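Notes follow once the structure below has been shown.
Derivation of every value follows stated rules applied to the coordinates shown; laboratory data play no part. Quantities reported herein were computed from a predicted structural model and do not represent experimental measurements. Every residue, glycine as well, gets a Cβ built from its backbone with ideal geometry; the counts of neighbours run over all protein chains shown.
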Amino acid sequence: MNLEEVKSSLDIVEIVSKYVKLKRSGSYYSGLCPFHKETKPSFYVSPERQIFKCFGCGEGGDVLKFLMKIENLNFSQLIDKLKSEYGFSELYNQENKLDKNKIRKYLEINYSALKFFRLRLKENLDVCNYLKSRGLSEKILDFFEIGFSPGGTLLRDYLYSIGYSFDEIKEIGLVDAQNFDRFKSRIIFPLRDENGRLVGFTGRVFPNNAMGVKYLNSPDSLIFKKSKFLYGLYYAKEYILNLKKIILTEGQFDFLLSWQNNFKNVAAISGVALTQDHLLKIKKLCDKIIFAFDNDEAGFKASLRSNLLAKKLGFNTYKLVYQGKDLAEYFLLYSSNSNVYEEKFENWLIKEVFNFYQDKKEALKILLSQVRFLDALELNEYLEKISDLFKISKTLLEKELHALKDQDSFEFEDFLVKEKEIVEEKSLEDKFSLKLISLIYSLNLDSLKIDEFLDYLNDDFKNLLIRIIKRELTDKEYDYLEMSKSFYLTNKIDFDKEIKKVLKNLKIIYFKKTLKKLTDELKSAKDDESQQIIEKIKQVNKQLKITIKN
């Protein structure tokens, strides 16, 4: 028996009901999500498709994914649970064989997809010209196998025509929830692991005004884990071993232009935060890291967080100093590498901290938290530098540092870089706001008058709507909105009716909040202001009644 047969034998509604109180809701079951706090149900289970999805926190998957998540199990522990509690005693050995067969099949599909992407790039002059305008030579484009996906169903149909099943194409993540090509209208960067296996792809939207998140990765699978993957490590590992140091950049263009300019001990984290898994891979090759993240606030904060992680694992850390917005821009604008140099991380930080934090208390907290893992001699040296910079006695700094050492370094959430996520549902207003955003996303944005919605959304949801328009969504936001789109289309809802209904609720909430605010103002208003506030209250009351009536 294999895992597919196990999933067929288990009823997801029955399994989930052991952990979540479910209520029938049309063709679905709904309940309060067990993975995040909420008061209104956003957690759905589909008995027909045998999947679960939370429209609040974004978690979703099949019955096995649910068991792993709810019980906090790894794959091996899941197998043990299925054997001991559900009676699938012969699962383990056959599952290993199944996984090997799947891995081989997934790799074959990826190699076939790459051939398709490479051919489409050579046919598209606009994309080739764009890549050359970014400074990339034809030699580099060929060596790193850069491609292009036009979208639609061209890739899907091609793979199907050469013998791969639709289920296999979908499992590896080459089609989206609507069964169209996942990487529609995107420049393709193949992802090869340290052994050279083609485990996935990253797609960069093209042209710049095309819809969707700017960078989109293959979904996690048996062969690809985004949190463990470093772009370019397969090509760079020999250079890293020889030079005993690695340059870490943010994205593919940074990596490619660095390589083209003879910085070959380089790898990219590809738009995700640096993780311990990344660092453990690097540790096998060297113990010196040079951070080359973007020269903006986000890059600065990413450097701080990454430095703490690296220091805890015993790395010597440095910062690559260069001009320009990012490393790709530097190599595009400047022909010489002489102005690029590495500097000890703490020296760089002392010089840069006030460019991003003007408040002295914040700057001091950041500096102390960053030097805390230095050895005794280095720590003494940097405490003296900080003492001179802030005009604070070294004894007082040592006291502050001692207090920090009693805490976990990752308590300092104010300066740690955070991944943008869809706002967690906390209120009825948030619930309606998130539903409105999902409905808007599911339609053609160009055909809607977005301004009419903005007055009734709070800042968090306004920012989310703006990120949709600017195509600056994270992978998590993009996947969530694509799933909600699929959910609406599958259920064939009346979008106009739903938008009007949700907007009505948001207007009612907005007018009630405005009335409360005006009432509070009236309590402390002077006589000459009272009449004006009373008139406003009357107007808002009138609008509220009209909205409720309609």
*Assuming R0 = 30 Å, what is the FRET efficiency of Ser336 and Lys244, from their Cβ-Cβ distance, to the nearest 0.05?*
0.75
*Let me have the relative contact order for the chain, percent, based on Cα pairs under 8 Å that are six or more residues apart.*
9
*Amide H of Leu274: which non-local residues (sequence gap of 5 or more, or other chain) have their own amide H closer than 5 Å, using H built in the peptide plane?*
none
*Scan segment 238-340 for trypsin sites (Lys or Arg not before Pro) in coil per DSSP, keeping those whose Cβ has at most 13 other Cβ atoms within 10 Å, and list them by number.*
Lys244, Lys284, Lys325
*Kirkwood Rh, segment 124-193, all Cα pairs: how many Å?*
13.4
*Treating the Cα atoms of the chain as identical point scatterers in vacuum, please give the log10 of the normalised Debye intensity I(q)/I(0) at q = 0.07, 0.12 Å⁻¹, two decimals.*
-0.52, -1.34
*Could you work out the relative contact order of segment 428-549, using alpha carbon pairs under 8 angstrom and six or more residues apart, expressed as a whole percent?*
33
_Alpha carbon centroid spacing (whole Å) that separates segment 302-359 from segment 1-71_ = 44
*Find the centroid of the Cα atoms in segment 132-158 and in segment 505-532, then give the distance between the two in whole Å.*
57
*What translational D, rounded to a whole number of µm²/s, comes out for segment 98-224 from Stokes-Einstein when the hydrodynamic radius is the Kirkwood one over Cα pairs, at 10 °C and 1.306 mPa s?*
107
*Within segment 15-48, trypsin sites (Lys or Arg not before Pro) in DSSP loop having at most 14 other beta-carbon neighbours inside 10 Å*: Lys18, Lys21, Lys37
_Sparse-neighbour loop sites [trypsin sites (Lys or Arg not before Pro); segment 482-550; at most 15 other C-beta within 10 Å; DSSP]_ = Lys492, Lys526
*Would you mind getting the Kirkwood hydrodynamic radius of segment 234-411 from its Cα pairs, rounded to one decimal in Å?*
17.0
*Can you give the Kirkwood hydrodynamic radius of segment 428-549 from its Cα pairs, in Å with one decimal?*
16.2
*Can you sort Ser484, Ser387 so the residue with the fewest Cβ neighbours within 10 Å comes first?*
Ser387, Ser484
*Please give the net charge around Phe144, taking every other residue with its beta carbon less than 14 angstrom from that of Phe144, where Lys and Arg add +1 and Asp and Glu add -1.*
+2
*Determine the percent antiparallel among the DSSP beta bridges restricted to the chain, to the nearest 5.*
75
*asked:* Based on Cα coordinates alone, diagonalise the gyration tensor for segment 197-338, multiply each eigenvalue by 5, take square roots, and list the semi-axes in whole Å, largest first.
replied: 22, 20, 15
*Pairs to check: Lys7/Lys485; Lys115/Lys228; Lys105/Lys284; Lys81/Lys312; Lys237/Lys344; Lys470/Lys536. Give those whose C-alpha atoms are more than 27 Å from each other in this structure.*
Lys105/Lys284; Lys81/Lys312; Lys470/Lys536
*Let me know the whole percent of all Cα-Cα pairs from segment 3-89 that are separated by more than 23 Å.*
20
_Lone cysteines, the chain (no partner Cβ under 4.7 Å)_ = Cys57, Cys128, Cys286
